[in-house]
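Here the structure comes first, spelled out in structure tokens, and everything after it is commentary.
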């Protein structure tokens, strides 16, 4: 088991060469795949928001869930692997609607335009999967390599978390995002017609969604002319593609929603959301992704150094980043940085706004912006996001439902997100009840993805 964990840690750090991971070598089975598997005696939180079901059995046939019922009433199929996990909890695999791939050189714990390599991206997909994140949506900053990786994954040649993508995404020259990427990883456009051309180019590649960066990053960059993002939204909808917008300001959010944007990919953080925006989002059916963990990531380990004590964070972070986060000089620099104060303010407003939109019945999706910076650690960020959502005032059941069935609906993924007969078996087995303590989602005993058991995660 230690060798398996070491492999995934190395893959996530990009320490295994592209040649070593070529072709079918990506498709690694950490366990033999029986035709039938039965999980017995488990508590089932099915992702719909319904009350948990105690002492249940789940039958998996190849990729699909074929039976769920009281443990005593479910027979074991012939030639089945039977796992008695009495009292353990099963939830659907997590679905992150806002990540970024291939932006960080994990061995150096730094962002780099050279990080978008096949080995690095696939390593990150395996890492997400290892932490129970069975679907990710790479929301922009993807060179065209992403389409080949997605194709090969669908052919069964690459494993890891299910890959959805927004391709390159659309921004203006000199505007957000400020990250260092190569020219073929983003469309930097000047006018509405160039924006439409970019949408058409990505539509030909069959992107899953279109991403647009709108705001000025607190006045540090030019903001996008509304005529440009209106053109993006109109052109994308002509191609039956949803649009997600990077947003910060309340005024931008209002105009985007009025213009028909499908997803606000971050919280409003300059002010409290008002009734006008809430009413518009409910009328239009707009999704709202809080990304609380992204705002907290600057100071997470400054405030919570104990997170680095166990392997849950350190395994995903790698030795370089773990050492940096624990370094007192680095901690002092973060504590003294004015930007940290601003991020704290952003997080406080974001948490208040999440509570308000949730109470109002706005559609909320799940996303973390994981992978955009070294401190936004793939796999770890998703579990932290759940905790922050609960701290913001949501119940653990609400947070889990948002991270599973709601996020599946936002991304138009009909085959996953709930534990139900006929659905793909994307499951987490937990050594604890997350409804009594949301941190128990970190106690991962097993992950199933596409019906395949992909192993356990050491958390002690």
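Computed values, structure above
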item: Residue within segment 437-453 that is part of a helix (DSSP H, G or I) and farther than 23 Å from residue 98 by Cβ present; result: yes
item: Residue list for segment 314-337, restricted to those being assigned to a helix (DSSP H, G or I) and free of Cβ contacts under 8 Å to residues at least 24 places away in the same chain; result: 314, 319, 322, 323, 328, 329, 330, 332, 333, 336
item: Test: residue 285 is within 21 Å of residue 404 (Cβ to Cβ), surrounded by fewer than 22 Cβ atoms within 10 Å (Cβ to Cβ) and in the same structural domain as residue 216 (by TED's automatic domain parsing); result: yes
item: Sole residue being surrounded by fewer than 23 Cβ atoms within 10 Å (Cβ to Cβ) and touching a helix residue (DSSP H, G or I) at 6+ places or on another chain (Cβ under 8 Å), chosen from 141, 145; result: 145
item: Number of positions in segment 47-58 that are within 23 Å of residue 415 (Cα to Cα) and over 27 Å from the mean Cα position of the chain (by Cα); result: 2
item: Test: residue 383 is modelled with pLDDT of 95 or more, in contact with a strand residue (DSSP E or B) (Cβ under 9 Å, 6 or more places away or on another chain), surrounded by 24 or more Cβ atoms within 10 Å (Cβ to Cβ) and not assigned by TED's automatic domain parsing to the domain that holds residue 101; result: no
item: Residues of segment 201-247 classified as crowded, with 19+ Cβ neighbours inside 10 Å, over 25 Å from the mean Cα position of the chain (by Cα) and under 19 Å from residue 165 (Cα atoms), total; result: 1
item: Residue match in segment 339-359 (condition: modelled with pLDDT of 95 or more, surrounded by fewer than 19 Cβ atoms within 10 Å (Cβ to Cβ) and either under 15 Å from the mean Cα position of the chain (by Cα) or not in a helix (DSSP H, G or I) (or both)); result: no
item: Extreme residue, surrounded by the most Cβ atoms within 10 Å (Cβ to Cβ), among residues of segment 96-109 that are in contact with a strand residue (DSSP E or B) (Cβ under 6 Å, 6 or more places away or on another chain) and in a strand (DSSP E or B); result: 96
item: Qualifying positions in segment 430-450 - touching a helix residue (DSSP H, G or I) at 6+ places or on another chain (Cβ under 7 Å) and surrounded by 20 or more Cβ atoms within 10 Å (Cβ to Cβ); result: 430, 434, 438, 441, 442, 447, 449
item: In segment 226-256, the residues that are part of a loop (DSSP other than H, G, I, E, B) and out of contact with any strand residue (DSSP E or B) (no Cβ under 7 Å at 6 or more places or on another chain); result: 239, 240, 248, 249
item: Single residue of segment 78-95 satisfying the filter (assigned to a loop (DSSP other than H, G, I, E, B) and modelled with pLDDT of 95 or more) that is surrounded by the most Cβ atoms within 10 Å (Cβ to Cβ); result: 93
item: Check on residue 209, in contact (Cβ under 8 Å) with a residue 40 or more places away in the chain and more than 29 Å from residue 110 (Cα to Cα); result: no
item: Flag if residue 191 is at pLDDT 95 or above, assigned by TED's automatic domain parsing to the domain that holds residue 405, out of contact with any helix residue (DSSP H, G or I) (no Cβ under 6 Å at 6 or more places or on another chain) and surrounded by fewer than 22 Cβ atoms within 10 Å (Cβ to Cβ); result: yes
item: Filter result for residue 390 (surrounded by 14 or more Cβ atoms within 10 Å (Cβ to Cβ), touching a residue at least 24 places away in the same chain (Cβ under 8 Å), over 21 Å from residue 137 (Cα atoms) and out of contact with any helix residue (DSSP H, G or I) (no Cβ under 6 Å at 6 or more places or on another chain)); result: no
item: For residue 65: the one exception among (1) outside the structural domain of residue 164 (by TED's automatic domain parsing); (2) modelled with pLDDT of 95 or more; (3) not in a strand (DSSP E or B); result: (3)
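The values are calculated or read from the model by the stated rules, or taken from the named source; none is laboratory data. Keep in mind the model is a prediction, meaning the values are calculated, not measured. Cβ atoms come from the backbone with ideal geometry, glycine included; neighbour counts cover every protein chain shown.
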